[in-house]
Amino acid sequence: MTKKLYIETVGCQMNVLDSELVVASLRKRGYELTDRRPKADVLLFNTCSVREHAEEKVYSALGRLKHIKRQHPQKIIGVIGCMAQNHQQLVFTRAPYVDLVVGPGQLHQIPDLVDRIHDGAGPQMEVSLPRKGYDRAAIERSFESYDPLRNPEMRPSAYQAYVRIQIGCDKFCTYCIVPKVRGPEQGRSPQQIVAEARQLADEGCREITLLGQTVNSYRYTDGGRTTRLSDLLYMLHDVDGLDRWKFVTNFPRDMSDDLLQAVRDLPKCSHYLHVPAQSGSNRMLERMKRGYRVEEYREMMVRIRETIPDATVTSDFIVGFCGETEEDFQLTKDLVAECRFKNSFIFKYSERPGTKGAELYADDVPEEVKKRRNNELLEMQNSISEEDNQLRIGETYQVLVEGPSKSWLKHGEDGAPLQLTGRTNWDHIVVFEGNQRQIGQFLPITIYDANAFTLFGEVVTRHVAPEVYMLTAP
Ligand code: SAM
Ligand code: SF4
């Protein structure tokens with residue numbers, strides 16, 4: 001009988017990709033995916049450590065499995081990913097019925113570890129080396145990733161895929177746990193990346209998103225020759241079958257002119273840039289150890305607008321970081337008003353033990369102030385997003401159709417026209433009526449309505465004869 005695997009993923013796109021790879025490796029050992037926890041023989045939680053809330057949610061989910069494990073002790077429960085690397089033995093202490101703890105740099109070991117547990121070896125833990133106390137090469141090796149195994153079934157859509165071009169991070173922003181749990185920054189070889197992109201294109205994928213914590217600092221040196229992200233984009237342009245790509249997340253200081261020019265000059269490159277600012281106050285940026293001043297961020301925005309006038313830019317902000325005053329917060333609001341981001345992800349500061357921020361500064365902004373600043377900034381960003389989206393009414397965009405929209409999946413009825421969703425070259429979400437056959441195609445869509453988050457449109461048809469309508473390019 002086939003064994004069943006249940007996997008739950010929280011966190012960023014890196015985690016979504018990691019889950020895809022874990023599923024692929026367990027499939028090779030005869031596992032089949034299930035979305036029902038009680039049916040599963042192996043239950044894995046792929047976790048995030050960026051905020052405390054994300055970790056606590058995993059412990060609550062584990063708590064709900066306690067009785068299942070008591071009734072079915074042969075089931076294997078695993079905590080994998082960033083929280084596994086961050087908490088290590090603590091996971092077993094807080095949830096003693098967990099069998100498996102595996103950090104993000106050791107995921108390739110999961111099939112063997114699961115077999116070992118089946119054979120009676122007891123709980124297993126595999127994590128990477130800490131960032132201090134070992135030489136860099138040894139630490140890097142302990143965080144190696146295993147990207148070539150892909151599993152289309154786990155992708156957000158069959159026509160889109162993530163490709164990792166860089167792992168880890170060396171920026172050490174004082175609030176952030178990522179450098180600790182994801183290890184040193186390492187670029188992947190361009191040959192491997194292009195080979196993977198080719199494989200994905202052969203499988204029918206039309207769009208890829210290149211992933212890295214600071215993707216625009218990507219560098220790979222071999223035989224004295226260094227490949228930058230802009231070089232890699234040129235190499236990917238030759239991959240037949242791929243029609244569009246984007247890359248996330250960018251670091252402001254590394255937004256070089258050669259990269260902006262490549263985005264401008266390569267027709268397959270999305271004109272969308274995610275470049276988190278985190279704060280508009282130099283005092284906060286310094287405390288966060290972001291390595292730039294707000295003037296430099298503004299200068300970068302000017303260069304983006306000059307080089308790619310139609311680019312959409314999105315950002316991340318942390319509100320309520322240690323010592324943030326109303327004046328600091330006002331400076332963040334000023335930056336948002338000035339930059340008119342397409343959208344921003346706004347987070348309340350969450351102290352992370354093990355970071356420099358937790359060691360150096362008191363988490364002294366009260367929760368209700370963090371909440372109020374979060375809501376204020378969100379409201380401001382949403383009204384900017386809505387105003388800008390409204391300006392797109394009447395425009396026609398090429399949209400890569402991803403699949404049925406989430407609301408249709410919830411409320412759609414048999415026989416009702418299918419509500420589809422897709423994205424523009426500027427990363428706007430577009431919802432429109434269509435049919436199953438259109439999924440995976442690029443279609444011209446004219447926008448007739450918009451809110452802060454979504455553009456609503458209809459497929460452009462061209463009247464070519466009394467009773468014949470054809471799809472047409474804009
Ligand atoms: N590497 C990316 C970068 O440098 O922007 C993003 C990494 S992080 C997973 C995504 C976002 O989470 C960050 O941009 C930041 O806004 C937020 N974040 C990170 N640590 C946080 C913390 N301790 N509390 C609240 N938000 C945090
Ligand atoms: Fe975290 Fe800063 Fe690295 Fe982004 S650049 S992953 S925020 S340390």
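Every read-out reported here was derived from the displayed coordinates using simple, explicitly stated rules and does not represent laboratory data. Since this is a predicted model, take the numbers as computed values, not measurements. Cβ placement follows ideal geometry from the backbone for every residue including glycine, while neighbour counts extend to all protein chains displayed.
Observations, loosely collected:
- Highest-first arrangement of 233-241, 78-86, where packing means the average Cβ count within 10 Å: 78-86, 233-241
- Over region 284-411, relative contact order from alpha-carbon pairs under 8 Å, at least 6 apart, %: 26 percent
- Segment Leu360..Arg70, full-extension length gain: 100.1 nm, with 0.36 nm per residue of separation and the alpha-carbon distance subtracted.
- Ellipticity estimate at 222 nm from DSSP helix runs (n ≥ 4, -39,500 (n - 2.57)) divided over the chain, nearest 500: -10500 deg cm²/dmol
- Separation of region 437-461 from region 159-217 is 29 Å, based on Cα centroids.
- Peptide ranges 335-343, 165-173 listed from the most packed, as the mean C-beta count within 10 angstrom indicates: 165-173, 335-343
- Filter on Lys333/Lys370; Lys4/Lys180; Lys289/Lys370; Lys171/Lys356; Lys57/Lys370; Lys69/Lys180 - keep pairs with C-alpha separation over 22 Å: Lys4/Lys180; Lys69/Lys180
- Cβ crowding within 10 Å averaged over residues, with 137-144, 96-103, 250-257 ranked highest first: 96-103, 250-257, 137-144
- Cα shape, region 1-67, gyration tensor, a/c 1.5 rule: oblate
- Partnerless Cys - the chain, beta-carbon criterion under 4.7 Å: Cys12, Cys48, Cys82, Cys169, Cys205, Cys269, Cys322, Cys339
- Positive contributions from Lys and Arg (+1) and negative ones from Asp and Glu (-1), summed over other residues with Cβ under 15 Å from the Cβ of Pro252, come out at 0.
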